[in-house]
Amino acid sequence: MNTTKKETNNKVRQFEQVLAIIEKYNHDKSRLITILQQVQEEYRYLPQEVLAYVATALDIPVAEVYGVATFYAHFSLEAKGKYVAKVCNGTACHVKGSMKLKDAFYKKLKLDAEKHTTDDMLFTVELVSCLGACGLAPVMTINEKVYGPIDAKKVESVLDSIIQEDAVEAAL
């Protein structure tokens, strides 16, 4: 397997950031969840090679790290987009049309039940059991911002706005 110098430098930089997080907690095995949270915050998911590195750095079995990473729903082993949209499908939201919100995301972003992240890694769409905002049903979040009550047309408008803002940011 041939790796370019740029790929090698990216890997080294990736592990330097992870090591800094681990060192922040003095290689304390009991802080594994906190370490994984910060690693995920840095990368928006937990890459396989990073999990192996964390296990080695903390001197614990890789299976233990994977066990924690797969047990908690908060952790993701798949890369997510810059903007993570969560559509609530709890009872109140479902009754008030949350599946129409999901359909609007899928149509606008060319996603489906198998493909949750756009090719440009800008958006990931997740259907979740509850966002804890039943009074705003139907409700969704994009990153940590709550939208509700919302309908399919507003979903498209919100996406257009984010796409436009992101393009402006990228141009700067």
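Every read-out reported here was derived from the displayed coordinates using simple, explicitly stated rules and does not represent laboratory data. Bear in mind the structure is a predicted one, so any value in this text is a computation, not a measurement. Cβ: placed from backbone, ideal geometry, glycine included. Neighbour counts: every protein chain shown.
Summary table below
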read-out: Residue that is farthest from Thr117 (Cα to Cα), among those in segment 72-104 that are in a loop (DSSP other than H, G, I, E, B) and of a type in the set (A, V, I, L, M, F, W, C); value: Ala73
read-out: Test: residue in segment 62-73 that is more than 23 Å from Gln37 (Cβ to Cβ) and either touching a Ser or Thr at 6+ places or on another chain (Cβ under 8 Å) or not β-branched (Val, Ile, Thr) (or both); value: no
read-out: Residue list for segment 20-40, restricted to those being closer than 13 Å to Ile60 by Cα and among the basic types (Lys, Arg); value: Lys29, Arg31
read-out: Within segment 131-167, considering residues that are among the basic types (Lys, Arg) and closer than 17 Å to Tyr83 by Cβ, the one surrounded by the most Cβ atoms within 10 Å (Cβ to Cβ); value: Lys154
read-out: Total residues in segment 128-146, condition touching a strand residue (DSSP E or B) at 6+ places or on another chain (Cβ under 9 Å) and either under 14 Å from Asn89 (Cα atoms) or part of a helix (DSSP H, G or I) (or both); value: 13
